[in-house]
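Worksheet: one structure, shown below.
The values are calculated or read from the model by the stated rules, or taken from the named source; none is laboratory data. Worth saying up front: this structure is predicted, and the values here are computed from it rather than measured. Cβ atoms come from the backbone with ideal geometry, glycine included; neighbour counts cover every protein chain shown. What goes into the accessible areas is simple: the full protein's heavy atoms, side chains included, and nothing from ligands, DNA or RNA. Shrake-Rupley method; radii C 1.70, N 1.55, O 1.52, S 1.80 Å.
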Amino acid sequence: DESAPLPAHAPQPAAVPPADEPPGAATTRSDQPIDVAPGEEFELDLLTRPRPNHMWHVEVGGDAVEVTGQRFDEQPDGLHYWVRAVASATGTARVRCTYAKPWGSEARDTHTFTVHVREG
């Protein structure tokens with residue numbers, strides 16, 4: 001049953017089409033490698049345990065991916081931070097998402113996603 005919440009440590013689906021997103025958009029809920037075609041949109045789903053003064057910081061290494069939006073969304077299993085991106089060119093990019101206070105304190109959570117953008 002896809003509606004049942006999964007524990008944070010459980011393997012999550014590598015790509016799930018969002019219900020309210022255009023065709024071709026995919027969502028990832030894990031740190032598994034992501035394979036997309038140029039122009040394809042996808043989202044990174046980060047389960048968030050709110051902490052005072054903390055925020056997500058997203059860094060993209062490489063030219064293959066461009067971040068197009070970020071948002072919070074309350075789900076049955078908790079608060080999720082969504083990073084929406086598009087594959088802008090062939091190649092590999094690393095998207096690093098860090099949850100920390102903005103003034104340089106130790107990160108509470110870090111996820112690094114490897115995105116492979118390949119033709120067909």
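Could you list, in sequence order, all residues of segment 54-75 that are exposed (fewer than 14 other Cβ atoms within 10 Å of the Cβ) and closer than 12 Å to Phe42 by Cα?
Correct list: Glu66, Thr68, Gly69.
Hey, any hits in segment 41-51 for a residue that's open to solvent by 30 Å² or more (accessible area, probe 1.4 Å) and modelled with pLDDT of 95 or more?
yes
Quick one: is His80 touching a strand residue (DSSP E or B) at 6+ places or on another chain (Cβ under 9 Å), in contact (Cβ under 8 Å) with a residue 40 or more places away in the chain and open to solvent by less than 80 Å² (accessible area, probe 1.4 Å)?
no
So, of the residues in segment 18-40 that are under 20 Å from His111 (Cβ atoms) and open to solvent by less than 50 Å² (accessible area, probe 1.4 Å), which turns out to be modelled with the highest pLDDT?
Result: Val36.
Those residues that are within 16 Å of the chain's Cα centre (by Cα) and surrounded by 15 or more Cβ atoms within 10 Å (Cβ to Cβ), I need them from segment 97-115; list them, please. Walk me through it before giving the result.
Filtering segment 97-115 down to residues within 16 Å of the chain's Cα centre (by Cα) leaves 97-99, 109-115.
Of everything in segment 97-115, those that are within 16 Å of the chain's Cα centre (by Cα) and surrounded by 15 or more Cβ atoms within 10 Å (Cβ to Cβ) turn out to be Cys97, Thr98, Tyr99, Asp109, His111, Phe113, Thr114, Val115.
Here are some conditions: (1) open to solvent by 30 Å² or more (accessible area, probe 1.4 Å); (2) farther than 16 Å from Pro33 by Cα. Thr90 meets all but one. Which one does it not meet?
All conditions pass for Thr90, except number (2).
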